[in-house]
Amino acid sequence: MHRARIIDFHLMATRSIITGIDIGTHATRVVVCEQAATPDALPRIIGTGVAESKGLRHGYVVDPHEAARSIRAAIAAAEKAAGVPIKSALLSIGGISLESMISHGTVMVSRADGEVTQLDVEKAVTESENALAGTQNKEILDTIPLRYRLDSKEILGRPQGFKGSKLEVKTFFITSLKQHLADLTSTVEEAGVDVIEIVPAPIAAARIALTKHQRVAGCVLANIGAETVSIAVFENDAPISLQVFPIGSINITYDISLGLRIPIQDAEKLKMGDYSGTFSRKKLDEIVEARVSEIFELVEAHLKKIGKNGLLPAGIILTGGGAGIATIEDLARGILKLPSSIALPELPGNQKATIRDSSWFVAYGLCVHGSQNNSRPSLSNGGNISDMIDRIKTWFNQYLP
């Protein structure tokens, strides 16, 4: 399922309120949270809202007015439950146009004494961005340096402060089509929410679905939505690959409907384990297994492409509405030859409202993302005065011996 996610920041007296909105192809979900007292604690959920999504296909907008109407309905329900307004937001995007790219950049160290500075690192990352190909219609959403080398030797940790002459960086980029971004942004604004920033959806989902141990050891997060399946591969606590496939749990529903010759509504119930009625259980299992196997074969092919098939100790972690399909863990384990589990994170206590299944993880993950990154609007696009002074100091220091 494609998802556009939004985070709103609204200060109510002494409370800091964060709202995450997940616009999926099947449903639009909203989670409203209160900032935790300590930076490392997860925000407290104080309200949720959900509405049927309309006007989207495979994660991109096909009818802006219908999509905006769905967003407004979900927001209204969440505002009523939480008792706070939602006016500005951080938007996250998924869908079939979302993808990742790896690139490399090399620069000569600028200081006379060979000490690597922050500006050297930024220049190397910029060079890796300039080396990207086929990005004329794409927008870079996230830039994550994965590895540094100084004079052909790998640097463990930050390169700043090391001495050498040639700095190299391997950089991970997440991109999306500019047109899809523009359509989603304007749709959200039509619903009465100002967009502050755009974040890739799988990165927000990983905030909730994965533990640090899983991200460090190596794992693949698979979100099985209605019309898309998105995967994000993590290693050494950083994303190293991302892919979205134009297939989802709705395809399983259609297969059941055609195979058993029953209405789509009844097929959906069977898919999720409601076995009321007369049907062939053996034939149902065969239909579900065939389509789910196809999904995991796509995942396996991608892992082979990046050289990680069978090499992720933390295995595959399943989220999304399709993760509730019976036997899906066993099928994933058998095809991928990896440990398989359904994401079941421990949520903080004292919640005013609860999220009922993993289909809510993205919306709540946005709240966590906003809380931990403190993503509030700045006074201007250029940042505050202190940031500008620090940047000027850094620029002068690079030329000092």
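The values are calculated or read from the model by the stated rules, or taken from the named source; none is laboratory data. None of these values were measured; they are calculated from a predicted model. For neighbour counting, all protein chains shown are included, and Cβ atoms are generated from backbone atoms with ideal geometry for every residue, glycine included.
When the range 255-290 is limited to residues that are over 24 Å from residue 332 (Cα atoms) and of a type in the set (Ser, Thr, Tyr), the one that is surrounded by the fewest Cβ atoms within 10 Å (Cβ to Cβ) turns out to be 278.
Note on the range 189-205: residues that are assigned to a helix (DSSP H, G or I), surrounded by 23 or more Cβ atoms within 10 Å (Cβ to Cβ) and touching a helix residue (DSSP H, G or I) at 6+ places or on another chain (Cβ under 7 Å) total 3.
For every residue, the table says whether it meets (1) in a loop (DSSP other than H, G, I, E, B); (2) of a type in the set (S, T, N, Q); (3) modelled with pLDDT under 95; (4) farther than 15 Å from residue 205 by Cα.
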| position | (1), (2), (3), (4) |
| --- | --- |
| 300 | no, no, no, yes |
| 308 | yes, no, no, yes |
| 317 | no, no, no, no |
| 326 | yes, no, yes, yes |
| 348 | yes, no, yes, yes |
| 354 | yes, yes, yes, yes |
| 364 | no, no, yes, no |
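Can you find even one residue in the range 236-246 that is hydroxyl-bearing (Ser, Thr, Tyr), in a strand (DSSP E or B) and closer than 25 Å to residue 136 by Cα? Yes, there is a match, as at least one residue in the range 236-246 is hydroxyl-bearing (Ser, Thr, Tyr), in a strand (DSSP E or B) and closer than 25 Å to residue 136 by Cα. Consider the range 64-117 and keep the residues that are within 25 Å of the chain's Cα centre (by Cα) and among the charged types (D, E, K, R). The one that is surrounded by the fewest Cβ atoms within 10 Å (Cβ to Cβ) is 87. Among the residues of this structure, residue 54 counts as one that is surrounded by fewer than 20 Cβ atoms within 10 Å (Cβ to Cβ), in contact with a Lys or Arg (Cβ under 9 Å, 6 or more places away or on another chain) and outside any strand (DSSP E or B). Could you look through the range 291-323, keep only residues that are acidic (Asp, Glu) and more than 21 Å from residue 25 (Cβ to Cβ), and pick out the one that is surrounded by the fewest Cβ atoms within 10 Å (Cβ to Cβ)? It comes out as 297. All but one of (1) in a strand (DSSP E or B); (2) of a type outside the set (A, V, I, L, M); (3) touching a Gly at 6+ places or on another chain (Cβ under 6 Å) hold for residue 175; which doesn't? Condition not satisfied by residue 175: (3). Checking each residue in the range 258-283 for being outside any loop (DSSP other than H, G, I, E, B), touching a residue at least 24 places away in the same chain (Cβ under 8 Å) and either touching a Phe, Trp or Tyr at 6+ places or on another chain (Cβ under 8 Å) or closer than 19 Å to residue 224 by Cα (or both) picks out 260, 271.
Taking the range 327-344 as the range and being surrounded by 16 or more Cβ atoms within 10 Å (Cβ to Cβ), within 29 Å of residue 23 (Cα to Cα) and of a type outside the set (Asp, Glu) as the test, the residues that pass are 328, 331, 332, 340, 341, 343.
Per-residue answers, yes or no, for (1) under 24 Å from residue 98 (Cα atoms); (2) polar (S, T, N, Q):
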| site | (1), (2) |
| --- | --- |
| 210 | yes, no |
| 229 | yes, no |
| 236 | yes, yes |
| 256 | no, no |
| 269 | no, no |
| 278 | no, yes |
| 284 | no, no |
| 297 | yes, no |
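Condition test on residue 189, is it of a type outside the set (A, V, I, L, M) and free of Cβ contacts under 8 Å to residues at least 24 places away in the same chain? Walk me through how you get there before you give the answer.
Numbers: of a type outside the set (A, V, I, L, M): yes; free of Cβ contacts under 8 Å to residues at least 24 places away in the same chain: yes.
Taking the combined requirement at face value, the residue satisfies it.
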